[in-house]
1. Looking at region 30-50, which of the residues that are aliphatic (A, V, I, L, M) and surrounded by 10 or more Cβ atoms within 10 Å (Cβ to Cβ) is farthest from the chain's Cα centre (by Cα)?
2. Residue check, Gly8 against (1) surrounded by 10 or more Cβ atoms within 10 Å (Cβ to Cβ); (2) touching a Ser or Thr at 6+ places or on another chain (Cβ under 8 Å); (3) at pLDDT below 80, all met but one. Which one?
3. Consider Glu37 against the criteria (1) acidic (Asp, Glu); (2) at pLDDT below 80; (3) over 25 Å from Glu19 (Cβ atoms): it satisfies all of them except one. Which criterion is unmet?
4. If you scan region 14-26, which residues turn out to be of a type in the set (A, V, I, L, M), within 17 Å of the chain's Cα centre (by Cα) and modelled with pLDDT of 75 or more?
5. Just give me the residues in region 16-26 being surrounded by 11 or more Cβ atoms within 10 Å (Cβ to Cβ) and not in a loop (DSSP other than H, G, I, E, B), in sequence order.
6. Answer with yes or no whether Leu55 is in a loop (DSSP other than H, G, I, E, B), modelled with pLDDT under 80 and surrounded by 10 or more Cβ atoms within 10 Å (Cβ to Cβ).
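The values are calculated or read from the model by the stated rules, or taken from the named source; none is laboratory data. A quick note: this is a predicted structure, and the numbers were derived from the prediction, not measured. Every residue, glycine as well, gets a Cβ built from its backbone with ideal geometry; the counts of neighbours run over all protein chains shown.
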Amino acid sequence: MGITDVFGDQANLSGLAEEKNLTVSEVVHQATLDVNEVGVYAGAITRIRLYPEPLIYGAIPEMKFNRPFMVIITERNAENLLFIGKIVNPII
């Protein structure tokens, strides 16, 4: 995609956290496509690891998912729907 500046010393990620010299150390993207007689399901997730790791939110709470649930991810400022999903069996 041509995005290279975030991986080096020239990165300017000051809008993400207060830490100076923040760079991206890893980007992992995973996509799935399930096709069956009922229809098509597409999903994607991208994980970005920053270095040094910022302490933006403080302690991370422990969450246990032990029953089916829905997940909706929206863009905070524009309130655009980015992703919606249904987790039927979170135990597996």
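1. The residue in question is Leu50.
2. Only one criterion is unmet by Gly8, namely (1).
3. (2)
4. Val24
5. Scanning region 16-26 gives Thr23, Val24, Ser25.
6. yes
Table: residues versus (1) surrounded by 10 or more Cβ atoms within 10 Å (Cβ to Cβ); (2) assigned to a loop (DSSP other than H, G, I, E, B); (3) at pLDDT below 75.
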{"residue": "Val28", "(1), (2), (3)": "no, no, no"}
{"residue": "Ala59", "(1), (2), (3)": "no, yes, yes"}
{"residue": "Val71", "(1), (2), (3)": "yes, no, no"}
{"residue": "Phe83", "(1), (2), (3)": "yes, no, no"}
